[in-house]
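Notes to accompany the following structure.
Bear in mind that the values in this text are calculations on the coordinates, not laboratory data. Quick caveat, the model's predicted, so the values are computed rather than measured. Heads up, the Cβs are rebuilt from the backbone with ideal geometry, glycines too, and the neighbour counts pull from every protein chain shown.
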C-alpha cells in the first residue's frame, strides 16, 4: 500500500490568527496600562483629596457646634443638657487600587498633635498682656492628616487655631479661615477669636491605613479672655498660610484694616518656628478670646473619657 500525504495549511493559519489576536489584546492592555491607568488613578486620588477636604470642613463645623453648645450648657447647667456628648466624624485615609490592572493604593495618616499636655511652648499663640490661664501663650494644637499619594501630588491637611491649612510641595494655603470676627470702632479694632484647644487621650492620637477612620470629639470646658493686646504672635509651621488668611486681598479677615493702616501683619522668619506678628498701628486692638478645650480621640477602639 502506498501512502499519500496532502499539504493542508488551514490549521497553521488558525494558530497564527490566534497568536495575532493574543498579541493585539496584549498591545491594547499595555496601552491602557501605560497611558490610561495612571490618569485614572491620578483622578481617583484627586477625588479622594477633595473628599478629605470636605471631611475636614465637616470636622471643623462639628467642633464649632460642640464648642458653642458646650459653652451655653456650661454657663446654664441643666440636668437635661449633655455638653460632653461625643461625636464621631469620618475621615477616609486612602483609596484602593484598580482591579485587574497594575496599580497602587494610596495611604494616609491622621495624628492629633497635643502640645497642651506635652507642654510644648514653641508652637503657641502669644498675647501681651498674657491671659492668666495661659501665661506662656495658648498652645497651638492641631489635627493633621498626611496623604501618601502614589499618582497625585502628596498633600497635608491641618486643622489648627480654628483654620484649615492645605500644604503641598509647591506651597501652602489656608483653605478655610479661622473663626475670627472683626469689628471696627472709632479708635479700636475688636478681634473676636474662637480657638479650639485639642486634648488627647493616651494611645488614641494616631492611626493610618487606607480605610475609613473616625475622629471622636467632645467639649470639656472653656476659657475666656478680653483686653487690649500690644501684639499677637502666632508661632506655626504654616506662617504663609496664616499670613494669607489674615491679609490676602479682599478675603483676608484683617485685609481691610491692614490696607487702611490700622494694624500691621507680617511674617517673622528669625524665630523657630516662624511666627506671624500682628501689631496695632493707628488703632488699638481689643482682643476677645474664647478657648474651647476639645477632647479628641483618633482611631478604632473604646471611647475614653477626656478631660
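Counted over the chain, the DSSP beta bridges are approximately 85% antiparallel.
Peptide packing for 187-199, 259-271, 56-68 was compared via the average number of neighbouring C-beta atoms within 10 Å per residue; ordered from the highest value, the list is 187-199, 56-68, 259-271.
Neighbour counts of C-beta atoms inside 10 Å place 71, 125, 16 in the sequence 16, 71, 125, starting with the fewest. For the chain, take the longest principal axis of its alpha carbons; what is the angle in degrees between that and the long axis of helix 37-75, to the nearest 10 within 0 to 90? The two axes meet at around 30 degrees. Against the chain, whose longest principal axis comes from its Cα atoms, helix 10-31 is set at around 10 degrees. Tell me, rounded to the nearest percent, the portion of alpha carbon pairs in region 30-114 spaced more than 14 Å apart. Result: 73 percent of Cα pairs exceed 14 Å. Fewest-first ordering of 204, 117 by other beta carbons within 10 Å of each residue's beta carbon gives 117, 204. Given the alternatives [x] 1.09; [y] 1.45; [z] 1.53, Cα Rg over 2.2 N^0.38 Å as computed for this entry is given by [y]. If you run the Gaussian network model on the chain, springs between alpha carbon atoms under 10 Å, then out of 23, 293, 229 the most flexible one is 23. Calculated [222 nm] ellipticity per residue, helices only, for the chain: -8500 deg cm²/dmol; basis is -39500 (n - 2.57) per DSSP H run with n ≥ 4, divided by all residues, nearest 500.
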